[in-house]
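Structure, as C-alpha cells:
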Amino acid sequence: MTFPTVMNAVSQETLGSPDVLKLVHLPVPSPRAGEILVAVNAAGVNPTDWSNRARVLTIDRLPLVLGWDVSGIVEAVGVGVTIFKPGDEVFGMLPYPEGVGSHAEFVTAPARVFSTKPAYIDHVQAAALPLASLTAYQALVETAGVRSGQRVLIHAAAGGVGHLAIQIAKSRGAYVIGTARANKHDFVRSMGADEVIDYEAVDLTTLPADIDIVLDSVSFDQAGRARSLSVLRRGGTLISILPVPLADGEAETFVELGVRFESLLVQADGAGMNAIADLVENGQLRAHIEATFPLAQAAQAHALGETGRTSGKIVLTVREARKAYEAADVLRAVFEPGGDLTKVDALIRPDYIQHNPLAPDGPEAMKAFGAAWKAQFPEADYVNIHALTDADIVLLHSHGITVPGTSGLAVFDIFRFQDGKIAEHWDILQEVPDTVADNAFTTLSNPGSTLPTQRWFTPHNREVVRNYVKEVLGERNLDSLPSYVGPDYFEHGLHVPRGGGDLRADLAAYFEANPQLTITPKRFIAEGDFVAVHSHYQTSPDDLGSSVIDLFRVRDLKIVEHWSAAQDVPAQAANNNTMF
C-alpha cells in the first residue's frame, strides 16, 4: 500500500472546552536522526491532556495536538537508530511536555523513549500504560525507593496513576493503602490495595502517623499537603505529581517534621518503559480500561475524563480509523465519476473475495463492475453517513444518489481487511421510498451523554444489541422492549414496514405477517455508540431470504436510533460466495 503523506489528527486552535478539539489533516512527519516514526494504533488520554486543552499548564503553544501515550507499529527509522526496525510493535511516552502529539495517526519521537510492546497485551492496553505507569514508577521506585514492608498511601487510588501505583508498590512488597470514594473501594481492592480509606468520610489528620511514603496526585495547596504530612512518620517521603508551587515557609515545615518532599514531573524513559514491560509480562501490572473512543471522538473522551468519576484509563483507538477512510476511498474510486482506480490496485488484495451477487471475485472484476455502474449512472454520488471499524472489519453506511433529484439508495458495505488491504466485501442496496427519504439518513440523537453514569464501552453496547436481537427479534418477546429500547427511540430503517405507530406495533405487525420468520445473525460490528448486525432473514424454511443489515445507536445502554436495509438473495450469482 502506498505510504500516506497526510494523516488525521485531533488539534485545537484555541484553549477551551472539549468542543475546541477538531479532526484535521496534517502532513505525516518524518523521523529525524535518532527518531522513529510510529503508526499509532492507540493513544491514552490523561488528566494532563484535558488540563492543557483548557488552559496553559505545562505546554504553551497553538495549534496543539495533544497526547503523550502511544502504542503502535514502527513505520520508519531515522539515521542512527539500531534498537527498532519497521514492523516492530512499540509503546512509550513522548517526551514530556514538549514532545506532545500522539493523538494522531502517526508520530515521531526519540527511539529510546520506547520499549517493545509486551506480546500478550493489545495496543489499547499498552497505550493506557506509559505516562501513568512511568509516573508511578518514577515516584515510588526511583524517587522513594519503596521496599518490602513499607506502608504506602496512594491518593486517588482508583485513577489512572493510582490504580497502577498500587500494583507497582505491591510488586515491591509494600503494604498499600488507597484513598477513594466509597463506591470505588471494591475496584481499588481488586487492584491489590490492602486497605482503602473513604476520603469523604475519614479525616486523615485523625489517623496514626505511620506511613512511609505518600503519593499525592490531589493536593493543589498547602492545606491539602498538610493532610498528607499528618500521616507520615518521621523520615517518610511525600511525593507530589502536580506541577504546583509550594507556599512560603512550607519547605521549612518539611525539615522541621523530618520528612522528605519531592515534586515529580514525569520524564520519558526507555529504561523505565522496559521495567514497566517486565512487570506486565510477569503478570504484576495491568491497566484497567474505563472506555475507548475512536480518534474522531476525542472530545467525548475529554468530557468523560473531566467528570472525575472514571476508574483507570481512557484510550483513543487510532489506527483502526484509517481503514474506514480507505474503504470509503475505494467506493468513491469505483462508483463515482472521475474516481481514481489506482486506489483499487493500492488497497485491494489480488485474492479479493466478493459477496455481491452481481460481481465476480478479484480487483479487476471490481473495476469492470464499477465501469458499468458509472456508464449507467454517470452522475452518481455517494455520501458516507456512518462508519464503524471493529478489528479487521469496516462497515460503511452511505446514501447512494444514482440520479440527481431522486431519493437514491440506502447502501451498506462491509469490508474485511487483511495485511493492510481489503480482502473481502459484502454489501446491501435498497431503494429509499420517497415517503421516508427525509429521515432515512439523519442522525438525531447525541453521540452520548456526559453523565457520570454513561458507559462508553463498545462491548456493553454490543451486548445490548446482541440481547435485543436474540430476545426481541429472535424470540419475539415484545414485552422485553423497554429493557433495550429508550423512550426517545427514532426509526430510520427501511426493512420493517412502518405503520405510523410505535416500534412495538410495527414489530407485532411484521411478525404477524411473517409467522415462520427466522433471523440468523452472521456478524456483529461495533464501535462506540454504533452496533451493526448482518443477518439472514427467511420468511419460510425454503425461502432464499434476504440479506439484512441493521444499524443501532445505543445511549445509556438503551437503543435510541435504528437504520436498516435489505436485499433479496438471488437464486444465481456471479461468484461462488453467498451474501453472508
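In deg cm²/dmol and to the nearest 500, what is the mean residue ellipticity at 222 nm of the chain if only DSSP H runs of at least 4 residues count, each as -39500 (n - 2.57), divided by the residue total? Before the final figure, lay out the partial values.
Working: 15 runs with 138 residues, N = 580.
So the calculated ellipticity at 222 nm is -7000 deg cm²/dmol.
How many percent of the accessible area of the stretch 133-263 is carbon or sulfur, using a 1.4 Å probe? Can you show the working numbers first?
Working: 2680 of 5460 Å².
Solvent-exposed carbon and sulfur of the stretch 133-263 make up 49 percent of the total.
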Along the Cα-to-C-beta direction of A365, a point sits 7 Å from the Cα; which residues of the stretch 407-438 have their amide N less than 12 Å from that point? 425
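Want the number for D329 to D186: 0.36 nm per residue separation, take away the alpha-carbon distance, what's left? Before the final figure, lay out the partial values.
On the way: separation 143, 0.36 × 143 = 51.48 nm, distance 4.73 nm.
Once the chain is fully extended between D329 and D186, it gains 46.7 nm.
With every protein chain present, what is the per residue accessible area of the chain (1.4 Å probe, Å²)?
Working: 23850 Å² over 580 residues.
Accessible area per residue: 41 Å².
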About its Cα centre, the stretch 455-568 carries a charge dipole, from +1 on Lys and Arg Cβ atoms and -1 on Asp and Glu Cβ atoms, whose size in debye to the nearest 20 is 340 debye
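Using DSSP to call loops (not H, G, I, E or B), can you name the chymotrypsin sites (Phe, Trp or Tyr not before Pro) in the stretch 98-184 whose Cβ has at most 12 other Cβ atoms within 10 angstrom?
Working: sites: F106, F114, Y120, Y137, Y175; in loops: Y120.
Listed in order of number, the matching sites are Y120.
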In nm, to one decimal, how far is the K470 label point from the R147 one, both placed 7 Å along Cα→Cβ? 5.4 nm
Two-site label geometry, Q284 and E13: point separation in nm, points 7 Å out along Cα→Cβ: 5.0 nm
Local net charge near M366, Cβ-Cβ under 15 Å (Lys/Arg +1, Asp/Glu -1): -4
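Between L57 and R504, 0.36 nm times their residue separation minus their Cα-Cα distance comes to what? It would help to have the intermediate numbers written out before the result.
Numbers: separation 447, 0.36 × 447 = 160.92 nm, distance 5.26 nm.
Length gained between L57 and R504: 155.7 nm.
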From the cross-link list K85/K323; K170/K558; K85/K170; K367/K421, the entries with a Cα-Cα span beyond 28 Å are K170/K558; K85/K170
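Tell me the carbon and sulfur percent of the accessible area for the stretch 321-431, rounded to whole percent, probe radius 1.4 Å.
Values: 2440 of 4330 Å².
C and S fraction of accessible area: 56 percent.
Kindly provide the GluC sites (Glu not before Pro) of the stretch 41-113 that DSSP labels as loop, not H, G, I, E or B, and whose Cβ sees at most 15 other Cβ atoms within 10 Å.
Values: sites: E75, E89, E98, E105; in loops: E98, E105.
Taking the stretch 41-113 and a limit of 15 other Cβ atoms within 10 Å, the loop GluC sites (Glu not before Pro) found are E98.
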What length, rounded to one decimal in nm, is gained on full extension from D556 through to F511, with 0.36 nm per residue of separation minus their alpha-carbon distance? 13.4 nm
Any idea what the relative contact order of the chain is, in percent, if you count C-alpha pairs under 8 Å spaced at least 6 apart? 11 percent
Convex hull per residue volume in Å³, alpha carbons only, for the stretch 281-335: 90 Å³
Quote the relative contact order of the stretch 133-263 in percent (integer), defining contacts as alpha-carbon pairs under 8 Å separated by 6+ residues. 21 percent
List the GluC sites (Glu not before Pro) within the stretch 292-400 that DSSP assigns to loop and that have no more than 15 neighbouring Cβ atoms inside 10 Å. E379
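Can you figure out the FRET efficiency of A271 with A33, using R₀ = 22 Å and their beta-carbon distance, to the nearest 0.05? Kindly include the intermediate steps, with their values, before the conclusion.
Details: r = 21 Å, r/R0 = 0.94.
Calculated value: 0.60.
The values are calculated or read from the model by the stated rules, or taken from the named source; none is laboratory data. From a predicted model like this one, the values you see are computed outputs, not experimental measurements. Quick reminder, even Gly has a Cβ in these numbers, built from the backbone with ideal geometry, and neighbours come from all protein chains shown. Only protein heavy atoms, including side chains, enter the accessible area calculation; ligands, DNA and RNA are left aside. Shrake-Rupley method; radii C 1.70, N 1.55, O 1.52, S 1.80 Å.
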